[in-house]
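J.: Structure provided below as structure tokens; questions to follow.
The values are calculated or read from the model by the stated rules, or taken from the named source; none is laboratory data. Small disclaimer: the values here were computed from a predicted structure and weren't measured. Glycine also receives a Cβ, built like all others from the backbone with ideal geometry; neighbour counts cover every protein chain displayed. What goes into the accessible areas is simple: the full protein's heavy atoms, side chains included, and nothing from ligands, DNA or RNA. Shrake-Rupley method; radii C 1.70, N 1.55, O 1.52, S 1.80 Å.
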Amino acid sequence: MFRALSRSPQLVRAAVRLHSVQQVTVAPLHLSPCLAKVRKSEKKKKGNVKGALSEAAHAAGENEFVNGALAEMQRMEKVLSEELAKHFSLQVDLRVYEDIPVKLESGEEHKLNHLGRVSLKTPHLVMVNLADNPGAIKAVKLAIQKSSLNVNAQHEGVVLYLPVPRMTRERREEMAATAKTKILNDYKNALNDIYTKFDKKSTKASKSIDDASHTRSVLLTTKRAMEARGVDLIEAKRKALLSEVA
């Protein structure tokens, strides 16, 4: 067959055309433009966060305000991790109850464990003994109602009993939603307070408008990068919680 092709120009041209068609037909498939764009966007987002923190770390060695802000923001990230560990615990964590902020009629605010003794009476019942501060019972009950626990306190004398919610699918979804809203918002507000504090210090101490502007830019970029890290951390915890079988 190969010899016959070599003797006939027409057959040779036909064979060349057939070969070209075959090459086009077996051309490798590529990712769709949309999928490629999504992956590129994800890589760009991760790169932006790492780049922002890298820039802040570099600037921190030269700028006392960026250095101070970055250190405080990183400490706040650790606090966020601790809060998420308590919030998403599938076991009864008394710290969740002990850390409830209680605002007294006097205007003072204290954590619940500073006002009463918190203990686990049964695996499904938390007990708060307010014998040392009976006048705070009303404020404590109100604080519990406003918390994300979603429980109704039972009042007997100077003791409050809090039923531990059963860990159903609905309860887990509720906990995940709370993390995405309240906990994340609290974290963002804390980062914003740090940013504002060091921006004011920098503006007051800077020798020129350009210096203050540059510091503000780095501080803002750092704050946004730390916010993005917080979002990723919360999302990972949410997915882990919701993946558990109720």
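J.: Measuring with a 1.4 Å probe in the full set of protein chains, what accessible area per residue, in whole Å², belongs to region 92-185?
T.: 59 Å²
J.: With 23 Å as the limit, write out which pairs from K121/K239; K138/K188; K111/K197; K103/K180; K182/K223; K78/K239 have Cα-Cα distances beyond it, or answer none.
T.: K121/K239; K138/K188; K111/K197; K103/K180
J.: Sorted by packing (mean other beta-carbon atoms within 10 Å per residue), highest first, where do 150-159, 188-197 land?
T.: The densest-packed peptide leads the list: 188-197, 150-159.
J.: Please list 78-88, 213-223 highest first by mean number of surrounding beta-carbon atoms within 10 Å per residue.
T.: Going from most to least packed, we get 213-223, 78-88.
J.: Under 1.5 on a/c is rounded, so check that first for region 140-246, then, if it is not, pick prolate when a/b is larger than b/c and oblate when it is not; a ≥ b ≥ c are the square roots of the alpha carbon gyration tensor eigenvalues.
T.: It comes out oblate by the Cα gyration axes.
J.: Name the residues whose placed amide hydrogens come within less than 5 Å of the amide hydrogen of S206, ignoring near sequence neighbours (fewer than 5 apart) on the same chain.
T.: none
J.: Right, next: Quick one: pull the percent of accessible area on region 94-163 belonging to carbon and sulfur, 1.4 Å probe, ligands and nucleic acids left out.
T.: 49 percent
J.: Let me ask something else about it. Taking amide H positions as placed in the peptide plane 1.01 Å from N, state which residues far from V102 in sequence (5 or more) or on other chains have amide H under 5 Å from it.
T.: Counting only residues 5 or more places away or on other chains, the set is H110, K111, L112.
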